[in-house]
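These notes concern the structure reproduced below.
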Amino acid sequence: MLTRKRPTLGFLLSQLSRHASHLARQQYDVIVVGGGHAGTEAAAAASRVGAQTLLVTQKVHTIGALSCNPSLGGVGKGHLVKEVDALDGVCGRAGDWAGIHFSILNRRKGPAVWGPRAQLDRQRYRQFIQSELLSTPRLTVLEGSVEELLVTESNPEEPGCHRVTGIRLAGASLLISAHSVVLTTGTFLSGSLFMGQNTSPGGRIGDTPSSAGMSHTLRERLGLKMGRLRTGTPPRIVKASVDFEQATLHQPDSQPSPFSFLNSHTHCKPEEQLPCYLTYTTPGVDQVVNESLHLNCHIQQDTKGPRYCPSIESRVLRFPGRQHQVWLEPEGLTSDLVYPQGLSMTMPADMQLRLIREIPALHRAEIHTAGYGVQYDFVCPTQLSPALQVKSTQGLFLAGQINGTTGYEEAAAQGLWAGVNAARAALSMPTMALSRTESYIGVLIDDLVTRGVTEPYRMFTSRAEFRTSLRPDNADLRLSLKGFEEVGCVSSPRYQKTVRVRDSLQDALAALQDISLPAASWRLKLPHVHISENKSDSSTGLQILQYNDATFEMLASILPECLSPYTEFSQRLKIEAVYRPHCALQQKEIERIQKEESMSLPHDLDYLSLPASLSQEVREILDRVRPSTLGAATRLQGITPAAIVHLLNYIRPAGKKEKRAQGN
């Protein structure tokens, strides 16, 4: 995959038709608005499912741009990247192509919470994404700005008050129709840029502001509940002005671990990787923050900002006197800029320079581009179904920061799933949901649509109840098979590879289970494995592999006739062996939850007058969110276990009556 010759971007751009008049006569299955991480995955996924898809973006050359940190993955986020890849998404392969510093975070903990991460070359990543999309079958890319959605009366045979049938481009009378529309507007939905006391419309510096018509359509025409969030980005620093000797060197992993299950190696050779550096803030940073507060209108706003990736102003105000980490990260193999992760700020540019020079490694630093803040509209995600479709509006799907999330990985995961379901709906197939028992994507979406957000949502491993089962290493076995057999978004070559991996792992685990030797024999054959002298009974090879200091390579070296065919899966077999006892116990809990999840709640259920013992507060919560399943209802804030029991007691008899009526 990594070594194949890719078409040049110039050639692909030359093949791209940007003439709006050419599109006026066309009917698309799916239109995707926005070319960020959510939009690119949505467009690619819809095309893979089989839909004729149009991606509308303000500038083709910014498709796949890394607006903030040039990195991918991390703790929790790396799980999402692996799952997006398992469903044949784009970002994992792009990360393998563009990565210049690979590392596994949380390495000291168990593999279930390892965080695959890579620092990226901005230019390489953007070029890969553009090359991939512009050569995707059934996908057309159009440069333009969307003024508003085309809204008509709903289909009375389906739930919803409205129906979206297409888009109108800004500055033109051109109408483009589609069965489904996916909005991935990022920070551009009524976006405003902030630096000091200066404010200007926009979602990213240097780009044209989005049309105000879209927010108006969502709020006034469709009646959606919306809110406002904020985020920010740090200044970019001239690399030659950094005193790296006053920072701590952090080398990448000696053997890079690819994100994609299709790749055995990364494009960047191990010895070509670039290091990162760690430094810390000083009391002088606190002083500059406090002196500049009256000049910083962004930080004074009540709009919710990210708690998990806050600005340096927010961190100083929340934790005065504390040292804060600042990571100095490369922006590319040939870039002359450094990204100071941890120094997002919105104070005036001259104060930004004062602040960064209070950090020892940056005492001579020069700013190439000043940091700034962004405020933008989002749609409260409890108004969405688990398919990421707006419940009240047929044909409209939302993904990314418009749903109140933060981060490339969260956006990509939503985009893929929204694109899948938009295509399935357009092609008259039922939409689908991913359970939180089978994927981090399921956890992400379930959290959004059942709990909503009060601040930008970020994925953590702690959000998943079944972490030992939802590991980065087994995302292909969990999702690629389903993606091909049920969803229709996974290619046949990927499916065939996953089947081979699954069969090989099953054969290897069976071979390990069939090997049984007395403890004395194991101690003799494996002297470096600490098997207790008090142990005398027999153990299987699978049980021995569960020892911390035992590896599959050790077992294969002493039993080559039955184990050597599986050495390419050594690490995966080790992880499977270690987690097998835990996963067996967890599987019983998963099965119980899945039964609960599968019990559907009627979309037209009148919770306010339901003849069940429910408090008025519970009724109002259920009526507002309208969860699609009983399992989703259990996770709503304010819903008590007793309320779930009463709801279940009502739903079960109602379901039986309906079945009897259908039988008659």
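The values are calculated or read from the model by the stated rules, or taken from the named source; none is laboratory data. Since this is a predicted model, take the numbers as computed values, not measurements. With ideal geometry, Cβ positions are generated from the backbone for all residues, glycine too; neighbour counts draw on all protein chains shown. Ligands, DNA and RNA are excluded from the accessible area calculation, which covers all protein heavy atoms including side chains. Shrake-Rupley method; radii C 1.70, N 1.55, O 1.52, S 1.80 Å.
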Check GLU366: other-chain or 5+ apart residues with amide H under 5 Å from its amide H, H built from backbone geometry? VAL238, SER241
Can you pull the percent of Cα pairs in the stretch 333-456 with separation above 21 Å? 53 percent
Kindly work out what percent of the DSSP beta bridges joining two residues of the chain are antiparallel, to the nearest 5. 70 percent
Beyond 30 Å between alpha-carbons counts as too far, so tell me which of LYS269/LYS497; LYS77/LYS574; LYS225/LYS588 fall in that bin. LYS225/LYS588
Once you have all Cα-Cα distances for the stretch 405-471, histogram them in 5 Å bins from zero and send the whole-percent values. 4, 17, 24, 25, 18, 9, 4, 0
Could you tell me whether the stretch 76-122 comes out rounded, prolate or oblate from its Cα gyration tensor? Rule is a ≥ b ≥ c as square roots of the eigenvalues, rounded for a/c under 1.5, then prolate if a/b exceeds b/c, otherwise oblate. oblate
Provide the net charge surrounding VAL490, with neighbours chosen by a C-beta distance below 9 Å and charges set as Lys +1, Arg +1, Asp -1, Glu -1. +1
Under the rule of -39500 (n - 2.57) per DSSP H run of 4 or more residues, summed and divided by the residues of the chain, what mean residue ellipticity at 222 nm is obtained, to the nearest 500 deg cm²/dmol? -10500 deg cm²/dmol
Taking amide H positions as placed 1.01 Å from N in the peptide plane, with prolines and chain starts having none, which residues 5 or more places from GLU147, or on another chain, fall under 5 Å of its amide H? ARG168, LEU169, ALA170
Mind putting together the pair-distance distribution for the stretch 298-388? All Cα pairs, 5 Å bins, whole percent per bin, short to long. 2, 10, 19, 21, 17, 11, 8, 6, 4, 2, 0
Beyond 15 Å, the calculated P(r) of the stretch 480-590 holds a percent of Cα-Cα pairs equal to 68 percent
Return one quarter of the surface area of the convex hull spanned by the alpha-carbon atoms of the stretch 205-262, equal to its mean projected area, in nm². 9.7 nm²
From the C-alpha coordinates alone, can you work out the Kirkwood hydrodynamic radius of the chain, in Å? 26.7 Å
Enumerate the whole-percent occupancy of each 5 Å bin, from 0 to the last occupied one, for all C-alpha pair distances of the stretch 203-326. 2, 7, 11, 12, 14, 13, 12, 11, 9, 6, 2, 0
If you find the alpha carbon centre of the stretch 514-534 and of the stretch 211-273, how far apart are they in angstrom? 48 Å
Cα centroids of the stretch 110-125 and the stretch 43-74: how far apart, whole angstrom? 18 Å
Translational D (Stokes-Einstein, µm²/s) of the stretch 50-89 at 10 °C and 1.306 mPa s when Rh comes from the Kirkwood sum over C-alpha pairs? 125 µm²/s
In nm, to one decimal, how far is the ARG219 label point from the LYS535 one, both placed 7 Å along Cα→Cβ? 6.5 nm
Helix hunt in the chain: which complete DSSP H runs extend at least 27 Å axially by C-alpha with mean Kyte-Doolittle at least -1.0? 492-514, 641-663
When the convex hull of the Cα atoms of the stretch 394-505 is projected onto a plane and the area is averaged over all directions, what value comes out in nm²? 7.8 nm²
Which order do PHE188, PHE569, PHE319 take when ranked by solvent-accessible area (1.4 Å probe, heavy atoms of all protein chains), largest first? PHE319, PHE188, PHE569
Of all accessible surface on the stretch 306-429 at a 1.4 Å probe, what whole percent is carbon and sulfur? 51 percent
Of THR266, THR551, which has the most accessible area with a 1.4 Å probe, and how do the rest follow in descending order? THR551, THR266
For the stretch 16-167: relative contact order, % (alpha-carbon pairs under 8 angstrom, 6 or more apart): 27 percent
Computed lengthening from ARG502 to ARG364, 0.36 nm per intervening residue step minus Cα-Cα distance: 44.2 nm
Protein accessible area in the stretch 31-93, 1.4 Å probe - carbon and sulfur %: 55 percent
Relative contact order for the stretch 505-664, counting Cα pairs under 8 Å that sit 6 or more residues apart, in percent: 15 percent
Using a 1.4 Å probe on the protein heavy atoms only, what accessible surface does LYS595 show? Give it in Å² to the nearest 10. 150 Å²
Can you pull the percent of the stretch 107-179's accessible area that's carbon plus sulfur, 1.4 Å probe, other chains left in place? 45 percent
Heavy-atom accessible area per residue of the chain, all protein chains kept, 1.4 Å probe, expressed in Å², is 42 Å²
What's the local net charge at ASP29, with K and R +1, D and E -1, over the other residues with C-beta under 13 Å away? +3
For the stretch 168-248, what mean projected area does the convex hull of the alpha carbons give, in nm²? 9.8 nm²
Output the relative contact order of the chain, whole-number percent, from Cα pairs under 8 angstrom with separation of 6+ residues. 16 percent
Please report Rg (one decimal) and Dmax (integer) in Å for the Cα set of the stretch 103-198. 20.7, 59
Distance from the stretch 398-446 to the stretch 595-648 (C-alpha centre basis), Å: 23 Å
Counting Lys and Arg as +1 and Asp and Glu as -1, what is the net charge of the other residues whose Cβ lies under 15 Å from the Cβ of LEU622? +1
